[in-house]
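Bear in mind that the values in this text are calculations on the coordinates, not laboratory data. Keep in mind that this is a model prediction, so the values were computed, not measured. Here the Cβ is made from the backbone with ideal geometry for all residues, glycine too, and neighbour counts use every protein chain on show.
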Amino acid sequence: MTVEDLQELAEQEQQRQEKFTNRLMYCAAAGCVSCGSINVRDMLKKALAEKNLAATVEVVGTGCMGLCGEGPLVKVLPEGTLYQRVDETVARKIVEEHLVTKTPVKDNEIDTSHPFFAEQMKIVLENCGRIDAEKIEEYIAVEGYAALARVVTEMQPAEVVEEVRKSGLRGRGGAGYSTGLKWGIVRKVQSDTKYVVCNADEGDPGAFMDRSVLEGDPHRILEGMAIAGYAVGAQQGYIYVRAEYPLAIERLRLAIKQAERLGLLGNRIFDSQFNFRIDLRIGAGAFVCGEETALIRSIEGRRGRPRPRPPYPSEKGLWGMPTLLNNVETYANIAPIIRKGSTWFAAIGTPKSTGTKVFALAGKIRNTGLIEVPMGISLRKIVFDIGGGTPEGTEFKAAQTGGPSGGCIPAAHLDVPVDYESLSSVGSIMGSGGMIVMDSTSNMVDVAKYFMDFCKDESCGKCIPCRVGTVHIHGLLERIAQGKATTNDLPLLEELCMMVKETSLCGLGQSAPNPVLSTLRFFRNEYEELLQEPATFVPSGTDTPPTTH
Amino acid sequence: MAIVTLTIDGEQLSAQDNESLLEIARQHKIEIPTLCHLDGLSDVGACRLCLLEIEGSNKLAPACTTRPMEGMVVHTNTEKLKKYRRMIVALLASEGNHQCSVCMVNNHCELQNLAYDTGLLYVRVPYLYPNKVTDASHESFIIDRDRCVLCTRCVRVCHEVEGAHVWDIAGRGIDCTIVADLNVPWGSAESCTSCGKCVLVCPTGALVKKGESVAEMEKHTDFLKYIVTARRKGEWISIENEEE
């Protein structure tokens with residue numbers, strides 16, 4: 001495969017697509033598949049055959065189109081008409097009315113000028129809903145692997161790192177470390193063997209950003225990883241993907257096979273000296289394996305338990321070798337940055353948080369689904385314009401970001417810009433992109449209890465604060481929720497939270513108390529309302545015995 | 001290897017940069033409580049008792065796995081650290097069934113000593129009263145998992161020093177337990193050489209010798225010193241240090 005071959009392939013595919021008068025894009029991501037989009041596909045094909053349109057209209061399964069709450073979704077190209085809640089009857093109507101009599105099916109048509117679509121900006125998800133995830137040719141037709149071609153044939157590794165650094169891209173896994181700096185560190189470490197690892201162990205409750213990218217545009221991740229491999233000097237990549245994502249695994253396997261067949265992965269990529277392979281490693285269902293040192297041990301085939309850092313994986317990672325570890329969404333941003341330049345990317349978002357962020361909108365909100373917004377957009381815009389606000393008759397109370405490591409942002413902070421620094425200033429984190437909206441019917445003690453229950457189950461048990469502390473914090477929350485706790489329990493709860501936060505070994509324990517601390521900060525009255533006066537006095541802040549016992 | 005100077009608790013020291021802060025502190029008679037650490041075994045940084053405050057860092061760092069850096073200013077015994085250490089011991093006490101009065105290692109127990117040293121007089125969190133499996137199937141030893149603090153010293157000594165790797169951890173979170181081989185009774189664990197090293201390094205009464213009565217068993221960890229010294233001199237086969 002040469003650069004010319006790649007262009008030829010792209011042109012062939014574009015010509016093939018132009019032959020069709022219409023293309024019916026049905027959503028083939030996990031959300032829509034689970035509510036029947038495969039039946040919709042079959043009906044579309046059947047109806048097309050009946051109308052003798054099978055040769056001129058193509059039915060294409062694509063990645064997530066965003067409005068998951070209204071699925072299954074079908075888009076008719078080239079018009080761009082989007083249909084929601086498509087069942088077999090509607091599918092037949094789309095063929096018989098939209099395609100044959102040219103009258104759109106009014107009942108199911110979505111107004112695409114709605115803020116849900118207008119306020120979004122798609123970089124990571126640009127191909128989701130636009131291409132067939134299972135065909136490499138379709139990815140190539142939309143400039144796929146062009147960035148890899150350019151990097152390998154025209155750029156020095158140091159230039160690639162510099163380009164990523166200048167873009168201002170920060171790790172999308174949650175911590176927000178500068179991606180360019182990380183690449184630079186791994187590049188500079190002297191070693192014959194280095195690894196590039198993609199963290200696809202997305203485990204936050206309510207989060208499905210990475211899954212959607214993997215299902216809708218797997219080649220984008222492969223391309224991003226290959227570029228990273230070239231930049232840091234690695235020849236082997238691993239994608240650590242959780243077993244709970246069978247569709248993503250299936251599509252990744254297929255994508256790797258296709259890329260290898262075309263020589264886009266393997267030896268002498270684009271006739272250069274650069275060799276790069278990617279293998280999958282399937283997680284076994286532990287949340288803690290999203291922590292980088294635990295993930296590395298899990299890939300090595302050992303028990304997924306974190307170890308103290310330093311040494312960081314960039315110096316001593318997989319099998320003791322320098323390892324570059326980034327999140328799915330981070331790799332998904334690489335190809336566009338190379339294609340369109342770091343200046344273009346750096347101009348999006350805010351000066352310190354550049355680019356866009358994908359969020360999984362869930363909870364008490366009208367438009368649930370997958371959105372991508374420029375950094376720095378206000379939370380209000382996300383919740384009320386894009387999300388359409390809370391359901392009829394209820395009031396917005398808080399938005400939870402960052403999952404079990406994050407916090408709740410109350411209505412008073414609705415105008416906070418969504419970027420790394422601003423979200424931490426209000427006690428939450430950007431996190432990987434889960435956003436759960438809560439309305440006046442939500443009880444904040446229950447919210448804190450839910451996340452603590454999650455953390456206590458997912459603690460690996462290595463360090464004492466996380467293993468035992470989370471159990472006691474959960475127990476205290478349970479007692480408070482049941483109205484059995486006393487006013488002495490609240491200081492104890494806070495002390496335990498601070499202790500677990502400051503003394504735990506890894507990020508899981510260090511951030512596990514965040515949902516409690518943040519709800520205590522903004523909704524302390526909800527806790528206090530449930531407390532009783534104690535029978536005996538126990539001084540807080542010391543471990544001395546009660547004065548009367 | 002280089003020599004660095006650093007300050008620990010106001011004292012200016014010089015040290016080699018491949019030593020841990022714990023080693024350096026102990027060489028200078030600065031006491032830092034530890035539990036999972038044992039001289040001669042690899043460090044895992046799991047018990048969090050040896051946490052230190054380092055000026056300029058917003059995170060507490062474990063002394064056993066942190067290396068010194070030039071100009072580092074370290075505090076080992078601040079009020080915050082004392083409080084957190086006491087709470088960690090309290091959490092350990094709440095996690096198991098540590099009835100000292102009916103324990104074979106009463107008065108020779110590292111957990112008990114830690115409770116004294118950290119000034120733990122009262123446990124404010126409720127006791128969890130676990131009901132894990134006590135295994136007396138081995139001809140010479142007993143494992144009482146309700147007295148286990150999951151320091152993994154037994155796992156490491158068996159793997160790194162004896163080379164048998166009988167012990168490992170099963171389960172996660174609060175359900176973690178030490179298991180022999182693939183979770184079989186200790187007596188039928190084929191890899192066990194009955195050397196007893198795990199029993200000697202266990203800080204509590206979780207691993208004990210049969211036939212001793214309450215408060216009679218003393219643990220001796222000195223033997224490790226000789227093995228490790230011999231290994232350094234090349235008189236002993238060496239296995240790559242690899243925790244758990």
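Summarising the overall dimensions of region A:333-416 from its C-alpha atoms, the Rg and Dmax are 14.7, 47 angstrom.
Rounded, prolate or oblate: which fits region A:353-463, taking a ≥ b ≥ c as square roots of the Cα gyration tensor eigenvalues, rounded meaning a/c under 1.5, else prolate when a/b beats b/c? List each step's numbers first, then the result.
On the way: a/c = 1.81, a/b = 1.23, b/c = 1.47.
In terms of gyration-tensor shape, oblate.
No disulfide-compatible partner, judged by a Cβ distance under 4.7 Å, exists for the following cysteines of chain B: B:CYS50, B:CYS64, B:CYS100, B:CYS103, B:CYS109, B:CYS148, B:CYS158, B:CYS176, B:CYS192, B:CYS195, B:CYS202.
For region B:21-64, the Cβ-based charge dipole about the Cα centre amounts to some 80 debye (Lys, Arg positive; Asp, Glu negative; other atoms uncharged). Total Lys pairs in chain B closer than 27 Å by alpha-carbon, pairs eight or more apart in sequence or interchain only? So the count of such lysine pairs works out to 26. Considering region A:143-345, its Cα convex hull presents a mean projected area of 10.4 nm². When peptides B:90-102, A:480-492 are sorted by average Cβ neighbour count within 10 Å, with the highest value leading, the order is B:90-102, A:480-492.
Beta bridges from DSSP with both residues in chain A: antiparallel share about 50 percent, rounded to the nearest 5.
Over all Cα pairs of region B:71-172, how is the pair count split among 10 Å bins, expressed in % and running from 0 up to the last occupied bin? In whole percents, the pair-distance histogram is 12, 36, 32, 16, 3, 0.
Put simply, the convex hull of the Cα atoms in chain B casts, on average, a shadow of 14.1 nm².
The label point for B:LYS225 and the one for B:VAL102, both projected 7 Å from the Cα toward the Cβ, are 3.7 nm apart. Each Lys and Arg Cβ is given +1 and each Asp and Glu Cβ -1; about its Cα centre, region A:348-442 then shows a dipole of about 80 debye. Residues whose amide H lies under 5 Å from that of A:GLN400, counting only those 5 or more places away or on a different chain, are A:ILE409, A:ILE436, A:VAL437, A:MET438; hydrogens are built 1.01 Å from N in the peptide plane.
Close amide H contacts of A:THR486 (hydrogens built in the peptide plane, cut-off under 5 Å, sequence separation of 5 or more or a different chain): A:GLN532.
Ranking A:GLY171, A:PRO322, A:ALA200 by Cα position along the charge dipole of region A:143-345, where only Lys, Arg, Asp and Glu carry charges on their C-beta atoms, puts A:PRO322 farthest toward the positive end. Take each residue in A:497-504, count the other chain C-beta atoms within 10 Å of its C-beta, and the mean is 5. Using R0 = 45 Å, the C-beta based FRET efficiency linking B:LYS82 and A:TRP319 works out to 0.65.
By how many nm would the segment from B:ASN58 to B:LYS210 lengthen if fully extended, with 0.36 nm per residue of separation less the alpha-carbon distance? Kindly include the intermediate steps, with their values, before the conclusion.
Details: separation 152, 0.36 × 152 = 54.72 nm, distance 4.72 nm.
Value of the extension gain: 50.0 nm.
Among A:351-357, A:117-123, sorting by the average number of other beta carbon atoms lying within 10 angstrom of each residue, highest first, gives A:351-357, A:117-123.
As a length-normalised measure over Cα pairs under 8 Å and 6 or more apart, the relative contact order of chain A settles at 13 percent.
Per-residue 3J(HN,Hα) values for region A:21-36, derived from phi via the Karplus relation 6.51 cos²θ - 1.76 cosθ + 1.60 with θ = phi - 60°, read 6, 9, 10, 9, 9, 9, 6, 10, 7, 4, x, 6, 4, 5, 10, x Hz in sequence order (x marks Gly and Pro). For the peptides A:263-273, B:124-134, A:66-76, the ranking by packing is A:66-76, A:263-273, B:124-134, with the highest mean count of neighbouring Cβ atoms within 10 Å listed first.
The mean number of partner chain beta-carbon atoms within 10 angstrom of a residue's beta-carbon across peptide A:464-477 is 6. Between A:ASN514, A:LEU490, A:VAL500, the Cα set farthest toward the positive side of the dipole of region A:445-528 (charges on each charged residue's Cβ, about the Cα centre) is that of A:VAL500. Take each residue in B:94-104, count the other chain C-beta atoms within 10 Å of its C-beta, and the mean is 1.
For A:LYS381, the aspartates and glutamates whose Cα comes closer than 12 Å to its Cα, not counting residues fewer than 8 places off in the same chain, are A:GLU119, A:ASP415. Scanning chain A for long hydrophobic helices, with DSSP H runs required to stretch 20 angstrom or more by C-alpha along their axis and to average at least -1.0 on the Kyte-Doolittle scale, returns A:218-232, A:246-261, A:444-458, A:489-503. Can you give the FRET efficiency for A:THR103 and A:ALA49, using 1/(1 + (r/R0)^6), R0 = 30 Å, r = Cβ-Cβ distance, to the nearest 0.05? FRET efficiency, A:THR103 to A:ALA49: 0.90. The B:GLU190 and A:ALA284 beta-carbon pair, evaluated with R₀ = 22 Å, returns a calculated FRET efficiency of approximately 0.25. Summary value for region A:445-528: 37 percent relative contact order, contacts being C-alpha pairs under 8 angstrom separated by 6+ residues. Maximal additional length on extending the A:ASP192-A:GLN273 stretch stands at 27.7 nm, based on 0.36 nm per residue less the C-alpha distance. Cross-link partners of A:LYS106 among lysines, defined as those whose alpha carbon lies under 26 angstrom from its own and excluding same-chain residues fewer than eight positions apart: A:LYS45, A:LYS46, A:LYS51, A:LYS75, A:LYS93.
About its Cα centre, the dipole of chain A is roughly 1040 debye, where the only charges are +1 on Lys and Arg Cβ and -1 on Asp and Glu Cβ. Look at the alpha carbon pairs under 8 Å that are at least 6 residues apart: their mean separation over the length of chain B gives a relative contact order of 19 percent. Taking θ as phi - 60° and the Karplus parameters 6.51, -1.76 and 1.60, the scalar couplings of region B:164-171 work out to 9, 6, 6, 8, 7, 9, 10, x Hz in sequence order, x denoting glycine and proline. Each principal axis of the Cα atoms in region B:95-232 has its own extent, and those three values, largest first, are 43, 31, 29 angstrom. Annotation: amide H-H contacts under 5 Å for A:VAL59 (H modelled 1.01 Å from N, sequence separation of 5 or more, or interchain): A:LEU24. Straight-line cross-link reach from A:LYS352 at under 12 Å between alpha-carbon atoms covers these aspartates and glutamates, not counting any fewer than eight positions away in the same chain: A:ASP419, A:GLU421. In units of the rule-of-thumb radius 2.2 N^0.38 Å, chain A shows an alpha carbon radius of gyration of 1.03. Rounded to the nearest Hz, the phi-derived 3J(HN,Hα) couplings of region A:91-96 under the Karplus curve 6.51 cos²θ - 1.76 cosθ + 1.60 (θ = phi - 60°) are 4, 5, 4, 4, 6, 6, where x marks glycine and proline.
Tell me the label-point distance for the pair B:SER14, B:HIS165, using the 7 Å Cα-to-Cβ offset, in nm and rounded to one decimal. Distance between the two pseudo-spin positions: 4.3 nm. For the pair A:ASP5 and A:ASP42, the difference between a 0.36 nm per residue extended length and the Cα-Cα distance amounts to 9.9 nm.
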